[in-house]
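Just so it is clear, none of the values below were taken in a lab; they were calculated from the coordinates. Remember, predicted model here, so these are calculated numbers, not experimental data. FYI the Cβ positions are ideal-geometry reconstructions off the backbone, even for glycines, and counts take in every protein chain you see.
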Amino acid sequence: MDRNEQIAALIDIEGVTKEEIVALLTTPKDLAFADVALPCFRFAKALRKSPVDIAKELADKISADLPPYLLSCTALNGYLNFKFSRSNMAEETLLRVLDEKESYGKSDIGAGKTICIDFSSVNIAKPFHIGHLSSTVIGGALSRIFKTLGYNVVRINHLGDWGTQFGKMIVAYKKWGEGADIEKGGVKALHQLYVRFHQEAEKDESLNDLGRHWFKLIEDGNEEALALFTQFKAVSLAEAKRVYDRLGIEFDSYAGESFYNDKMQPVLDLLEEKGLLVESDGAKVVEVGEGMPPCLLVRSDGATLYATRDLAAAFYRKKTYDFDKCLYVVAYQQNLHFKQVFKVLELLGEPWAKDLEHVNFGMVSLADGTMSSRQGKVVYLEDALNSAVEKARSIIEEKNPSLENKDVIAEQVGVGAVVFGALVNNRIKDITFSYDKMLNFDGETCPYVQYTHARCASLIEKAGGFDVKKADFSCLENAHEIVSAIAAYGDMIRAAADKREPSVITRHVIDLAELFNKYYIDNRILNAEDGVKNARLALTFAVKQVIANSLALLGISVPDKM
Ligand code: ARG
């Protein structure tokens, strides 16, 4: 039984189950009132009593025989308020963290459920720029969060590897790039060819026709066209994987748009059969209503579209993975696209259409305004990571010149700062990317949290370890907020999953670090008397562990020294 179940077991209300009570228990913002509270308003009608009276009667009954883990049970304004015995809760919570370590926070509430997460989904042969940062790190964090809760998670990179741009790439490559070392020049070389194509096509319209021609050849499986397409794709993927490695991101499937080339017709046939596909100026569309423009699925020249492939992908995923939920971590610019696609599936009467969900997020731009692809001045994610690492390195050099392994730590700090910076606010908010802000050791940043972790590690090391059996937990009464934050970690993971919002974890870990740093200023840890020292070190250890576990969920490593 966990704490809330124990509490629920104390509360007898006619016609209300223990499960219902557990679901109603809340944690107030201000721990001065209660650690857990039960609002009694819901029961007034059935019991024909005022919530104030209900709370009062329950409080009297429970207080008369208070279990040792409770400090008090009182009634206030229709709420039944429970306060935990401070030292008892500290002991229980810290022992649990010490026992479970990396597993602390794990649960099996998702056991038997499958969740597909479509994220990152970069466009092949285009630069992997910071516009794809959010999808990559939000999706990565959500996949780890759901895994920790026991879900079977399928991580899908729906590569943008289809479209006339690949025909254009081939034309450009054959005209100006052949012999150029694409393998060595990588995506940058490919992108330059693409930019050149557009410059030349402005002068010579026929290049566009040629591009379409070559794309048709790819579609038809022409050998030369396919070979080039495959080569471009391999070069781009190798580069993307370098970035994924640094971010600790992995996928279970790279089935991108091209994968659905032969899987769209059955969907179109089904739509036709149900009379949903209508002709409009030679094109084929589905009227989706609700004030939305029709969903265009086949152009008048017979070409299929992004939406057509997403429909085929949804069917394929349902058939292959039998998901309970399928999340699409994609920028809010595509709100309409997903509404249309989901609506088409609903119109088809697919019962699982309701399980598809667009997890949207805001835009990333640079503080100095350089994120304008119009001027061809995109910022490659890899370059951004390198800059952050370089800056981290110079800060470390200044703060701690004798530190060992500076390169490894600079990588952890620099990459961590970028990832954390993209996850620190509600995902729907636009982000202004600023190295100074992300790498500020005193802000709501990754280095601040990592530094707190290193401080905890160094305290424990200086003490030469600790013995929890000798801990006097009664000295932790003034650490109740920290203990509560540690105890709430599991709830935070569940809330992050429910809201599809990794920022629940980033905010919580920042709060925890701030609470500990305040505590550290006011309470001597190393020079305290034995019982106190061991209790405070156990607390330090638990803080360190929860920071490490939180950052691991976000894909960030934690140095022991920095
Ligand atoms: N490649 C697309 C883009 O960069 C994102 C794909 C998202 N996933 C999907 N199933 N449509 O805009």
P(r) of the chain over all Cα-Cα pairs, 10 Å bins starting at 0, rounded to whole percent, reads 3, 15, 21, 22, 17, 11, 7, 3, 0
Taking alpha-carbon centroids only, region 374-434 lies from region 8-67 a number of Å equal to 48
If amide H atoms are modeled at 1.01 Å from N in the peptide plane, then the residues at a separation of 5 or more from residue 75, or on another chain, having amide H under 5 Å from its own are 81
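Using a simple charge model, +1 on the beta-carbon of Lys and Arg, -1 on the beta-carbon of Asp and Glu, nothing else, what dipole does the chain show about its Cα centre, in debye to the nearest 20? Numbers along the way, then the final one.
Working: 67 positive and 80 negative charges, 127 e Å.
Here the size comes out at about 600 debye.
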Percent relative contact order for region 304-424, counting Cα pairs under 8 Å at least six residues apart, stands at 19
The relative contact order of the chain, taking Cα pairs under 8 Å that sit 6 or more residues apart, comes to a percentage of 15
What helix-only [θ] at 222 nm does the chain give? Using -39500 (n - 2.57) per DSSP H run of at least 4, over all residues, to the nearest 500, the answer is -17000 deg cm²/dmol
Normalised Cα Rg of region 389-465, dividing by 2.2 N^0.38 Å with N its residue count, works out at 1.19
The long-range amide H neighbours of residue 366, using H built 1.01 Å from N in the peptide plane and a cut-off of under 5 Å, are 371, 433
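Considering only DSSP beta bridges where both residues belong to the chain, give the percentage that are antiparallel (nearest 5).
55
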Tilt, helix 86-100 to longest principal axis of the chain (alpha-carbon atoms), in degrees rounded to tens, equals 40
In degrees rounded to 10, the 0-90 angle between helix 182-203 Cα long axis and the longest Cα principal axis of the chain is 60
Farthest towards the positive end of the dipole of the chain, among 248, 308, 396 and with Cβ unit charges of +1 on Lys and Arg and -1 on Asp and Glu, lies the Cα of 396
Any aspartates and glutamates whose Cα falls less than 19 Å from that of residue 106, other than same-chain ones fewer than 8 residues away, would be 2, 5, 92, 491, 498, 501
Once phi for every residue in region 340-357 is put through the Karplus expression 6.51 cos²θ - 1.76 cosθ + 1.60 (θ = phi - 60°), the whole-Hz ³J(HN,Hα) values, with Gly and Pro written as x, are 5, 4, 5, 5, 4, 5, 5, 4, 6, x, 6, x, 7, 4, 6, 8, 8, 9
Scanning the chain, every Cys lacking a C-beta partner under 4.7 angstrom -> 40, 73, 295, 446, 456, 475
Mean Cβ-within-10 Å packing, highest first, puts peptides 58-64, 85-91, 522-528 in the order 85-91, 58-64, 522-528
Residue span residue 316 to residue 557: 0.36 nm per residue of separation minus Cα-Cα distance leaves a gain in nm of 83.2 nm
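Rank these for me by crowding, 449, 285, 16, 483, going from fewest to most other beta carbons within 10 Å.
By the 10 Å Cβ count, ascending: 16, 285, 449, 483.
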Phi-derived 3J(HN,Hα) across region 67-79 with the Karplus relation (6.51, -1.76, 1.60, θ = phi - 60°), rounded Hz, x for Gly and Pro, is x, x, 7, 9, 8, 7, 9, 9, 10, 8, 6, x, 10
Mean Cβ-within-10 Å packing, highest first, puts peptides 97-109, 294-306 in the order 294-306, 97-109
Going residue by residue through region 103-119, the Karplus relation 6.51 cos²θ - 1.76 cosθ + 1.60 with θ = phi - 60° gives ³J(HN,Hα) values, rounded to whole Hz and with x marking Gly or Pro, of 7, 4, x, 5, 8, 10, 5, x, 3, x, 10, 10, 10, 8, 10, 8, 8
In nanometres, the difference between 0.36 nm per residue of separation and the alpha-carbon distance of residue 223 and residue 461 is 79.4 nm
Label model pair residue 18, residue 394: point-to-point distance (7 angstrom along the Cα→beta-carbon line) in nm is 6.1
Check: C-alpha center region 130-171 vs C-alpha center region 535-562, spacing in Å is 28
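Cross-link list 101/544; 61/83; 399/437; 126/318: which exceed 20 angstrom alpha carbon to alpha carbon?
126/318
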Once amide hydrogens are built 1.01 Å from N within the peptide plane, the residues lying 5 or more places from residue 356 or on another chain with amide H under 5 Å from its amide H are 326
For the chain, the longest principal axis of the Cα atoms and the Cα long axis of helix 446-463 enclose an angle in degrees, to the nearest 10, of 40
The FRET efficiency for residue 46 and residue 279, from their Cβ-Cβ distance with R0 = 41 Å and rounded to 0.05, is 0.10
